[in-house]
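Here the structure is laid out as structure tokens; the discussion comes afterwards.
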Amino acid sequence: MASRRKGRRLQGFIAVPERHGQTARVCELLTEVAGELSDWRVDLVFAHERLPTHRLLTRHLRPLVARSDFVLCVTDGHDLDVAFAAGLAFGLGKPFALVVLPETHRLPATFVGHFYVELAGDTSDHECLKSAMAGLVADLVGDDMGNATRVGRSVRVQRMGCAAGGSHS
């Protein structure tokens, strides 16, 4: 991937389950983490703020994802809009990672093989999200820390347990 100029603004598209109890906390953490990426300015576009209705989703989702440099999909394993956004990011060749909420027990089989960070619902989530976002940004800009998405609790989703019952980890 081509290296990007240091200091350039990057845009991340964030898909979250709209009616989930963790949504506000995760959005706040992601905004905080984006501000802490020292060498890179990262603007976040939250789907639920830009696309509040299904009609807007079908009309405007593709351009928003296409303009974004990376995509984070926060999932509980049940939200179809988040799964659709992940599929669109994959189809458009956008770097993306899944952010798996703590109470998630099953993930769709289509998430197998993609990177994810698993949240615990406590203060450790900040560092996990920071690692995941820093890794995505580093991959985009060609930094040496490109493997950051693979540290901590961020690993590839394994086939076992996905959408077939049991735990996702």
Next item on the list: Would you kindly derive the ³J(HN,Hα) couplings of the stretch 117-130 from the backbone phi angles with the Karplus curve 6.51 cos²θ - 1.76 cosθ + 1.60 (θ = phi - 60°), listing them in order in whole Hz, with x for Gly and Pro?
Entry: 10, 9, 7, 9, x, 10, 5, 5, 4, 4, 5, 5, 5, 5
Notebook entry, point to check: Length gain on complete extension for the stretch residue 36 to residue 123, per 0.36 nm per residue less the alpha carbon to alpha carbon distance?
Noted result: 29.7 nm
Note to self: Give me, ordered by chain and number, the residues 5 or more places off residue 107 or on other chains with an amide H under 5 Å from its own placed amide H.
What the structure shows: 163, 164
Next item on the list: Name the long-range amide H neighbours of residue 99: under 5 Å, sequence gap of 5 or more, or other chain; modelled H, no Pro or chain starts.
Entry: 73, 74, 75, 117
Notebook entry, point to check: Between residue 42 and residues 5 or more places away or on another chain, which pairs have amide H atoms under 5 Å apart, with H built 1.01 Å from N, and which residues are they?
Noted result: 10
Next item on the list: Starting from the Cα-Cα distance between residue 28 and residue 11, subtract it from 0.36 nm times their residue separation and give me the gain in nm to one decimal.
Entry: 4.5 nm
Check: Which distance in nm do the two modelled labels at residue 43 and residue 19 give, with both placed 7 Å along the Cα-to-Cβ direction?
Finding: 3.2
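Bear in mind these aren't lab numbers, they're just calculated from the coordinates by the rules spelled out. Just so you know, these numbers come straight off a predicted model, no measurement behind them. A quick note on method: Cβ atoms are made from the backbone with ideal geometry, for glycine too, and the neighbour counts reach across all protein chains shown.
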